[in-house]
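Read the structure below first, then the notes.
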Amino acid sequence: MRIVIAEDAALLREGLARLLATAGHEVVAAVGDGSALLDAVRTHRPDLTIVDVRMPPTHTDEGIEAARTLRATNPTERILVLSQIVSGRAAADLLTTGEGGIGYLLKDRVGDVDEFLRALDTIASGGEVIDPQVVRKLLRHRSHLDKLTPRETDVLALMAEGKTNTAIAETLVVTEAAVAKHINRIFAKLELGADDTTHKRVQAVLTYLRR
């Protein structure tokens, strides 16, 4: 993939660039602020952009704002937001934009290289990847999740992390058939239509966030 990195911490920025290059990706630009990010994406048209939440000049939400701008211009822009904080509101605002291909991970997730690289592949292919801590914060603040049983909520959270049915079954120590039944019940309770199952899976968490 051709990737743009926006991260104001030089050591992390260079570390990410080296990690991605070692994995066979091409870092076409590595910048330190939101304005430079927008310019880099417009110039290079990357396959995926990695964005820090807090960047100069105010170190508040410049990264999120830049990501929103990119998604407003191109709803299919593939973006991974990296953050040191669990910001449910920022995640919800961003995740409900565009047409898939979005992620929100905490920076310590980069320590698991294989999982991080799998997350990039998921986002690049149009999926959503949300850090488990962010998922839990989002779910706790949505009263309509009372429709779901505790087990269905567990399954939904794992789906939001990008896990397959097999991985969910292994995590919850149940059969894949049981996972499939839970997912079908989730789809029904979220009132998702008869669209393609893959699309419904991608949209399940986001449907709740939009309400």
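The values are calculated or read from the model by the stated rules, or taken from the named source; none is laboratory data. These numbers come from a predicted model, not from an experiment. A quick note on method: Cβ atoms are made from the backbone with ideal geometry, for glycine too, and the neighbour counts reach across all protein chains shown. When the accessible area is computed, the model is the full protein with side chains, heavy atoms only, and any ligands, DNA or RNA have been set aside. Shrake-Rupley method; radii C 1.70, N 1.55, O 1.52, S 1.80 Å.
Values computed for the structure shown
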read-out	value
The range 13-32 residues that are closer than 14 Å to H44 by Cβ, paired with ones that are open to solvent by 60 Å² or more (accessible area, probe 1.4 Å) and at pLDDT 95 or above (beta carbon under 6 Å, 6 or more apart)	E26/R2; V28/R2; V28/H44; A29/H44
Filter result (open to solvent by 40 Å² or more (accessible area, probe 1.4 Å) and among the aliphatic types (A, V, I, L, M)) within the range 10-22	A10, L11, L12, A21
Of the criteria (1) in contact with a helix residue (DSSP H, G or I) (Cβ under 6 Å, 6 or more places away or on another chain); (2) farther than 16 Å from D108 by Cα; (3) of a type in the set (A, V, I, L, M, F, W, C), which one V51 fails	(2)
Helices (runs of 4 or more DSSP H) contained in the range 77-159 and holding at least 2 residues at pLDDT below 85 and surrounded by 17 or more Cβ atoms within 10 Å (Cβ to Cβ)	88-95, 132-140
